[in-house]
Structure formats: C-alpha cells, structure tokens
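Beneath this line is the structure, given in structure tokens, with notes to follow.
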Amino acid sequence: MKKLCLFLIAAMLLMPLFSSEYEKLKAMEDSGVQNADLFYNLGVTHWQLGDSGLAVQYFLKALNIDSAHSGARANLNYVTGLSEDRELYPKHGFLLRLTLQSYDFLNLDRLALISIILFFIFALSLSWLLFYDEEKERALPELITGITLLIFLIFAGLSGVKYYRFKNNNKAVMIEERADMMMEPRVDSRRIAVVHEACILVVEKQQDDWALVRSPDGKSGWVQSSLLGFVSE
C-alpha cells in the first residue's frame, strides 16, 4: 500500500512535466515540422499521459515516414500487445515475418540510395556491353547487364510502392475507449463488432462523418470518424 501511494504521488508530480513536453512537441508539429523522431516522441509522450490510442497513432505516423524506425516499431508492438484487441491481429509465420521485417528495414531513403547505386552499376555494365569486342563471346556482359537491370527495376518498383503507401496511408487508430462497428453509417444500425482504444484499423472509404473500416481480424463496419486518429490527415 505504501509503495502504491508513493507511485501515485510520483505520477502526480511528473504529470506537469509530461504535459509541458507534449505542448512543446505539439507546437513543433503545428508549425509544420514532420519527421519520424518528432512523431515518435509525441507517441511516447501520449503513452506517458495515458493516451494509448494517440500513442499508437503517432508511432504509425513515425513509421509511415521511416519504416525502419526501431523505437517506433518496438513501442507500437508493445502498446498494441497490451490492448484489449491484441488477439485480433493475425499471427504470421517465420518466413512472412522475415519478409515484412526486411521490407520495413528498406525505408524510402535506403531504397532511393540503393536504386541510384544500381542504376550506375547498370549504366557501367551497359557501357561495357556496348563497347565489348564484337569478336568475343558476349554472354557474360549480356548476363551481367540483364541481372543489374532486373535488380534495379525491382528496387525502383519497391521505391514506388513505398512512396505511394507513404502518400496514401489508409490506416487509422481507435482513440476513444471503445466504439461499435455498425452495418450502415448511422447510430441506429445493427452492430457488427466492438473495437477498443489503440486498435489499428484500415479505412476503406469515408462518407460524411463516418468511415468504413476493417478490423485486424477482417471484419468491416462503419465507425464515426471523430473516434479515429488517421495516420494521413
């Protein structure tokens, strides 16, 4: 009991510090600053203030800019692992997890750098092929040129996909304690399911003050937009 009282007193003393830190970070965001570290720090501050839904929203914002941000990824997994809807998320096998982790590691900056390097390698191999002695066997330079072109196209395609997802992120987070997913976009419609704070949803479309969302277990229903925190706003 004594330890609990000391903890509550310490929390009350630290709360103004967290609020002050949040105000500074929020002012930076409102001024137009957008970077992964800022959103990560906002997520941590919201978690310290007890707002798990907003914490998840800002961790997702950080990962939308930098998918390789290890702090945001670790904290996102931690918070969602404590949420009431943690059992809704699908369990991935080892190979799929490894593939997703590799894709996350290749953020936009890394993909752009690798694509530029591969383009120069392709240009060099193409020059080698064009000026290769016509009397010699050309199989080796043709093979190397073809392989470098293929790898370059793969990474360029990944860059395009990741950039499109960065600009058109359709994820949202439940920022209220709970909400009903309805069959139709009205309050008197039939309830399909219930989602809780910090649950990550996929927005399929929006209509007036409602959003059609898909839960981690694949159920789709309408939720009032005011209850959601959108990754792309």
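The values are calculated or read from the model by the stated rules, or taken from the named source; none is laboratory data. No experiment lies behind these values; they were computed from the predicted model shown. Cβ coordinates were reconstructed from backbone atoms using ideal geometry, including for glycine residues, and neighbour counts include every protein chain displayed.
Some values worked out for this structure:
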| quantity | calculated |
| --- | --- |
| Members of the stretch 149-168 that are more than 20 Å from residue 103 (Cα to Cα) and not aliphatic (A, V, I, L, M) | none |
| Residue that is nearest to the chain's Cα centre (by Cα), among those in the stretch 43-69 that are assigned to a loop (DSSP other than H, G, I, E, B) and within 20 Å of residue 169 (Cβ to Cβ) | 67 |
| Residue 102 being out of contact with any Ser or Thr (no Cβ under 6 Å at 6 or more places or on another chain), surrounded by fewer than 20 Cβ atoms within 10 Å (Cβ to Cβ) and small (Gly, Ala, Ser) | yes |
| Residue 211 touching a Ser or Thr at 6+ places or on another chain (Cβ under 9 Å), buried (at least 19 other Cβ atoms within 10 Å of the Cβ), on the phi > 0 side of the Ramachandran plot and touching a residue at least 12 places away in the same chain (Cβ under 8 Å) | no |
| Subset of the stretch 141-183 [in contact with a Gly (Cβ under 9 Å, 6 or more places away or on another chain) and in contact (Cβ under 8 Å) with a residue 24 or more places away in the chain] | 172, 173, 174, 175, 176, 180, 181, 182, 183 |
| Of residues in the stretch 186-208 being buried (at least 19 other Cβ atoms within 10 Å of the Cβ) and without any contact (Cβ under 8 Å) to a residue 60 or more places away in the chain, the one farthest from residue 76 (Cα to Cα) | 203 |
| Condition check for residue 201: closer than 27 Å to residue 63 by Cα, hydrophobic (A, V, I, L, M, F, W, C) and at pLDDT 95 or above | yes |
| Answer from 147, 151, 114 - the residue that is outside the structural domain of residue 67 (by TED's automatic domain parsing) and buried (at least 16 other Cβ atoms within 10 Å of the Cβ) | 114 |
| Any chance residue 40 is within 30 Å of residue 108 (Cα to Cα), at pLDDT below 85, part of a helix (DSSP H, G or I) and of a type outside the set (Val, Ile, Thr) | no |
| Contacts under 9 angstrom Cβ, first residue in the stretch 67-95 being more than 21 Å from residue 220 (Cα to Cα) and at pLDDT 95 or above, partner of a type in the set (S, T, N, Q) and in a loop (DSSP other than H, G, I, E, B), 6 or more apart | 67/107; 68/107; 69/107; 73/67 |
| Residue match in the stretch 194-205 (condition: touching a Leu at 6+ places or on another chain (Cβ under 6 Å) and under 24 Å from residue 54 (Cα atoms)) | yes |
| Residue that is of a type in the set (A, V, I, L, M, F, W, C), more than 26 Å from residue 66 (Cα to Cα) and surrounded by 15 or more Cβ atoms within 10 Å (Cβ to Cβ), where the choices are 181, 174 | 181 |
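Per-residue answers, yes or no, for (1) touching a helix residue (DSSP H, G or I) at 6+ places or on another chain (Cβ under 7 Å); (2) aromatic (Phe, Trp, Tyr):
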position: 96; (1), (2): no, no
position: 102; (1), (2): no, no
position: 109; (1), (2): no, no
position: 122; (1), (2): yes, yes
position: 129; (1), (2): yes, no
